[in-house]
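Every read-out reported here was derived from the displayed coordinates using simple, explicitly stated rules and does not represent laboratory data. Please read all numbers here as calculations on a predicted model, not as lab measurements. Reconstructed Cβ throughout: ideal geometry from the backbone, glycine too, with neighbour counts over all protein chains shown.
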Amino acid sequence: MFTRPHGIVDPWVDDPTRPGPDLSYVNIMPYGNWMLESEQLKLTPSMCRDALSRNRQTKWLIRRLRLLIITLGRGCMINPSRDSLGRVQGLACQHATYFVMPISTGLLRADGTPKVACFTMVGYVAESWLLGKGFRHRVDVPNSAKVDRRLRIYPLEGEYQRAIAYLGAAAHEQNIAFGFNGTTLTFMTRTKDEIARQFVTTQPTSSGALPLISVHQTPGPYQLEDDERYNNLKHIEEMDFPVALKYESKVPIFDARRQSTVFGDAILWEQMLQLPLWEKELPIGSLVTVGYTAFTTNGVETQPSNLIFPIQFVVLHLAH
């Protein structure tokens with residue numbers, strides 16, 4: 001597998017007073033047809049800013065874009081390209097490692113277990129299968145193919161690399177793999193009719209900013225229970241996200257195309273429910289923020305662990 005450079009932080013969104021953690025030791029390793037990428041598809045924050053500045057009707061979005069990129073997370077919402085590693089803790093299981101809030105934060109579920117961390121990423125829509133019948137993995141076998149709901153975005157250069165390295169560091173992985181087809185990242189639900197799996201704990205490690213914790217301490221959110229609620233608006237209201245949404249769940253898309261207090265002088269994720277819902281498929285080229293959880297599937301032999309990005313919600317800032 002190839003190792004991809006982390007890139008540099010765009011000067012427009014660089015804040016020397018908050019340099020963030022050193023993630024240079026984490027090797028991020030894309031797989032897929034990313035090597036076919038075009039330089040034209042490498043979107044930097046400055047390129048997005050310049051595009052928005054050409055139209056007086058979108059100039060106001062420039063300030064929001066910068067806030068979305070540089071604002072540190074609050075509560076269980078995490079900005080992985082900016083936040084400190086101490087904000088998230090890894091939970092090691094036999095088949096995967098999940099990302100949860102440290103118990104010391106007091107961000108607990110009703111059963112006393114820590115809440116799952118929810119991450120955010122800004123990008124432009126490449127393909128969207130959030131409505132209708134979703135995405136079919138193998139169109140040549142219609143009766144046996146797996147189906148899920150998913151969104152692919154073109155992420156911002158320098159930002160997504162740091163986000164992936166952050167997740168690798170939080171999982172105590174020096175090498176971390178991720179799907180990168182056509183320079184896009186994919187966020188998805190569970191597959192249709194997926195059977196919940198019970199995960200067994202492994203020996204936790206004590207290295208890194210925070211130790212990996214044992215599933216025996218916090219079994220609740222990480223077992224993909226069959227009775228997880230289908231209405232993700234409730235998850236957002238309580239800021240209590242499942243590991244992954246079911247296929248049958250409706251992925252909420254919040255319409256933030258107008259100026260509002262939710263994304264005005266600050267980024268207030270906890271107030272997203274004030275926004276109207278977008279009821280159509282997302283147009284290609286739209287500017288969005290994706291809210292997602294994450295987990296790593298454990299590597300086999302010489303293969304690195306692989307990052308999976310379950311989608312939780314989408315905020316639409318500009319429809320193409």
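Which order results if Tyr160, Tyr25, Tyr166 are arranged by neighbouring Cβ count within 10 Å, fewest first?
With the sparsest Cβ surroundings first, the list reads Tyr25, Tyr160, Tyr166.
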Residue-wise HN-Hα coupling along the range 89-105, computed from phi with Karplus coefficients 6.51, -1.76, 1.60 (Hz; x: Gly, Pro): 10, x, 10, 8, 10, 4, 9, 7, 10, 9, 10, 10, 7, x, 4, 5, 6
In sequence order, calculated HN-Hα J values of the range 275-291 (Karplus, 6.51, -1.76, 1.60; Hz; x Gly/Pro): 7, x, 8, 8, 9, 10, 5, 6, x, 4, x, 6, 8, 9, 10, 9, x
Label-point separation in nm, Asp50 to Gln94, each point 7 Å along Cα→Cβ: 5.4
Cβ-derived FRET efficiency at R0 41 Å, Ala110 paired with Lys59, nearest 0.05: 0.40
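Can you give the FRET efficiency for Leu273 and Asn175, using 1/(1 + (r/R0)^6), R0 = 35 Å, r = Cβ-Cβ distance, to the nearest 0.05?
Details: r = 39 Å, r/R0 = 1.11.
The calculated FRET efficiency here is 0.35.
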Cα shape, the range 55-184, gyration tensor, a/c 1.5 rule: oblate
Long-range HN-HN contacts of Ser305 with modeled amide H, under 5 Å: Ala177, Gly299
Cα Rg over Rh - the range 1-114, Kirkwood: 1.03
DSSP-assigned coil residues among trypsin sites (Lys or Arg not before Pro) in the range 1-102, each with at most 16 further Cβ atoms within 10 Å: Lys42, Arg54, Arg56, Lys59, Arg74
